[in-house]
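See below for the structure under consideration.
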Amino acid sequence: MWRHPRRGNSAALPSPALMAPPSPAPATTLFMHLVLLFLLAAAAGASAAAPEEEFTEELLLRPLPDRKALAHFYFRSSAPPAASVGRHHHLFPKAISQLVKKYHISELELSFTQGRWNYEQWGGFDPISTSNAKPPGVELWAVFDLPLYEIDATWKNLTHTLSGLFCASINFLESSTSFSAPRWGFKSNEGNLRYGALPREAVCTENLTPWLKLLPCRDKAGIASLLYRPSIYKGYYHSQKLKLRSSQSLGIILDQTLTVVLQPNTINGKQLHSSHRQLQPSWSMRHLFNRKLSGKCLVSKSSRIFIEVDKGIIDKINKSGCDLSWNNEFFVLSNGPDRLIKVLNNLEVQSSSMYEYDVSNYSEEKPFDVGITWKLPLIWSCTPSPFHVSRFLMGSGNERGSIALSFTSTNLHKKIFGSPNDCSIKAIIFQIVPWYVKVYYHSLEIFIDGNKKTVSDVVDKIHVTPSEDKLLPGTLEMLLRFPCSMQSATLTLDFDKGFLHIDEYPPDANQGFDIPSALISFPEFKSARNFPETDPLLGSPLLENFQVIVKSYTEVLLVPLTTPDFSMPYNVITFTCTILALYFGSLLNALRRRIGEEEKELKKTATRHGLIPLLLAKLRGQKVDATESGSSSESTGSKKLLFKVVFVAVAAVLFHYFSNNS
């Protein structure tokens with residue numbers, strides 16, 4: 001008889017032990033464990049071998065010949081290729097990563113500069129002045145990995161993004177009249193480079209704050225904590241730069257630099273040496289930045305501070321016969337360095353010395369502060385560029401003028417190449433001119449040592465992009481070849497001043513219009529530096545970048561243009577509004593007037609008698625007529641009005657007569 005399992009005997013069902021599958025053999029279990037361990041080890045090895053994001057921070061301090069101090073902050077953030085890390089970042093700023101991916105950027109450089117680099121006093125041949133001496137205002141250039149027909153539209157979107165990211169007016173570079181596409185004068189490219197500059201852009205803390213937000217520790221820890229705003233912005237020169245490099249093999253490398261020239265406050269006001277020459281001011285980090293360094297940024301791979309002593313000081317020390325240590329006859333450092341680095345130039349001659357300090361050895365309990373104290377007066381000069389270049393305007397009036405570019409030799413070639421008679425020096429000129437400055441490029445004249453030369457004797461290569469009214473600026477790229485015996489040269493170009501629409505003038509139009517700085521590069525001169533005693537495994541990104549072509553920027557030109565009378569629209573508006581007010585006021589008065597009531601009022605006033613005529617009539621015993629009294633009063637009033645008008649006219653004539661005679 002069939003029984004339901006819930007109601008029947010439970011013993012009839014098979015036991016769980018009988019239903020369980022047979023247990024695997026011990027050898028099979030061991031094999032599975034070994035496979036699992038192998039997979040975990042392979043995954044761990046792959047994760048360890050994958051490149052990781054890195055961040056380094058460094059600071060270079062250097063005394064300058066004109067009693068100032070140079071501080072160069074250098075921060076590098078690197079991210080591996082996107083395939084290895086995906087869209088997530090631990091140290092690298094996500095905003096920059098999104099920027100590179102969205103606009104397909106291969107290279108980008110953005111700089112905010114206040115002041116002008118003094119090439120004569122602060123040098124023009126070393127890598128700091130070559131790479132970080134930027135023109136005043138904003139300079140932006142980018143290389144895109146895109147088809148040529150998409151670059152202009154991408155550039156416009158990029159300027160808006162950077163404008164919002166750094167709180168600046170970079171979006172003004174979106175107009176086709178504000179940027180250009182140089183061929184080879186600025187940087188060799190395949191037509192995918194765009195360049196723009198805003199010479200009048202002001203630099204403030206609102207630009208520095210978003211720049212600091214790109215750092216992992218911002219300005220709360222590490223070397224960036226030295227960036228005390230009042231100390232930074234009271235300097236003679238201030239330039240913050242952001243440079244990007246992106247490739248599929250290396251990933252994204254972001255270099256952030258801040259270069260400032262400060263006037264140090266003297267630690268000791270006493271003169272340590274009795275001499276007619278003035279002693280250099282002694283300074284320390286606390287006196288330059290108003291604070292000490294409390295350790296490094298915890299996520300940084302390395303944190304170093306360098307104090308560089310220029311070649312001119314080394315030559316003085318070597319001539320005196322003393323040892324080049326941190327405590328010598330001329331100066332002494334407040335702390336002993338961790339390492340002394342000798343820097344060699346491209347001729348294997350010592351060009352400077354660096355004293356290295358590792359910030360990881362210090363903390364909040366033991367803050368770091370290093371400085372230099374001078375013992376003897378010392379005069380030296382920094383290595384200049386091959387030519388000192390300056391630019392100025394010639395002519396007068398608001399119709400036409402000339403741009404002059406002056407070269408003055410520093411005889412640097414004699415120290416590098418000797419003194420051959422048949423050598424030559426190459427110089428590349430890159431210049432952007434706004435469309436309202438109409439340059440006549442055929443009017444180019446070249447004078448060498450006061451003698452006029454033909455263009456073909458000096459110019460090896462030239463590329464000109466003529467300007468178009470309200471569409472494109474003019475671009476000049478020119479390769480010059482000067483003889484080594486030359487001491488001075490001058491290039492002149494004539495131009496006409498255009499007319500702008502009233503809406504195209506800036507608010508301060510009477511101040512003038514700015515022409516961006518011209519870039520002069522010397523391709524045969526490279527400020528290459530070697531560090532033979534450094535360990536490649538402990539290499540510094542700051543020292544790696546000391547391999548650049550010598551460049552220098554000229555001044556920003558201020559061109560006065562014909563400006564309209566901006567008060568005339570105001571006068572026209574006020575005059576027109578006055579006429580309209582009178583017209584509509586009279587019209588409304590006529591429309592709103594009640595004629596019947598006014599006639600009654602006029603009759604009442606006509607019947608009123610004057611008090612004096614009534615009294616005279618009663619005294620004489622005469623009858624008073626209402627119409628006669630009204631007419632007599634009106635005639636009396638008209639006579640008084642006529643008398644007043646004549647009196648005012650006579651007074652005005654007499655005043656005019658006597659004022660002219662006096």
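The values are calculated or read from the model by the stated rules, or taken from the named source; none is laboratory data. From a predicted model like this one, the values you see are computed outputs, not experimental measurements. Ideal geometry is used to build each Cβ from the backbone, glycine not excepted, and the neighbour counts take in all protein chains shown. Heavy atoms of the whole protein, side chains included, go into the accessibility calculation; ligands, DNA and RNA do not. Shrake-Rupley method; radii C 1.70, N 1.55, O 1.52, S 1.80 Å.
Before moving on, here are some points about what is shown:
- Across the stretch 322-458, Cα pairs under 8 Å and at least six residues apart give a relative contact order of 15 percent.
- Virtual spin-label span in nm between Ala82 and Tyr441, 7 Å along Cα→Cβ: 3.8 nm
- The gain in end-to-end length when the Asp338 to Leu582 segment is fully stretched comes to 79.2 nm, 0.36 nm per residue minus the alpha carbon separation.
- Residues in the stretch 459-498 reached by a label modelled at Ser175 [backbone nitrogen below 15 Å; 7 Å Cα→Cβ]: 468-474, 498
- Panel values: the stretch 122-185, Kirkwood radius from alpha carbon pairs, Stokes-Einstein at 10 °C and 1.306 mPa s, translational diffusion coefficient 116 µm²/s.
- Bridging of Lys426 to aspartates and glutamates at a Cα separation below 15 Å is possible for Asp457, Asp460, Glu477, Glu524, once same-chain residues fewer than 8 apart are set aside.
- Shape category assigned to the stretch 178-266 from the gyration tensor of Cα positions, a/c cut at 1.5: oblate
- About the centre of its Cα atoms, the stretch 201-328 shows a dipole size close to 300 debye [charges on the beta carbon of Lys, Arg (+1) and Asp, Glu (-1) only; nearest 20 debye].
- Lys292 paired with Lys366, simple spin-label distance in nm, labels 7 Å along Cα-to-beta-carbon: 1.2 nm
- On full extension, the segment bounded by Asn589 and Lys220 gains 125.7 nm, given 0.36 nm per residue less the C-alpha separation.
- Estimated Rh, the stretch 378-459: Kirkwood, alpha-carbon pairs, angstrom: 15.9 Å
- Where the stretch 98-159 is the region considered: accessible area per residue in Å², 1.4 Å probe: 35 Å²
- Estimated distance in nm for a label pair at His90 and Leu471, the labels positioned 7 Å out from Cα along Cα-to-Cβ: 5.4 nm
- Semi-axis lengths (Å, descending) of the ellipsoid that matches the C-alpha gyration tensor of the stretch 449-541: 38, 26, 13
- Accessible carbon and sulfur surface of the stretch 166-289 relative to its total accessible area, %, 1.4 Å: 47 percent
- Base-10 log of normalised Debye intensity for the stretch 288-443 (one unit scatterer per alpha-carbon) at q = 0.16, 0.18, 0.19 Å⁻¹: -1.00, -1.13, -1.21
- Pairs over the 25 Å Cα-Cα cut-off, from the set Lys375/Lys551; Lys234/Lys366; Lys301/Lys366: Lys375/Lys551; Lys234/Lys366.
- The stretch 101-178 and the stretch 379-454 have Cα centres separated by 25 Å.
- Counting only protein heavy atoms and a 1.4 Å probe, the stretch 457-519 has 46 square angstrom of accessible area per residue.
- Length gained when the stretch Ser320-Gln511 is fully extended (0.36 nm per residue, less Cα-Cα span): 63.4 nm
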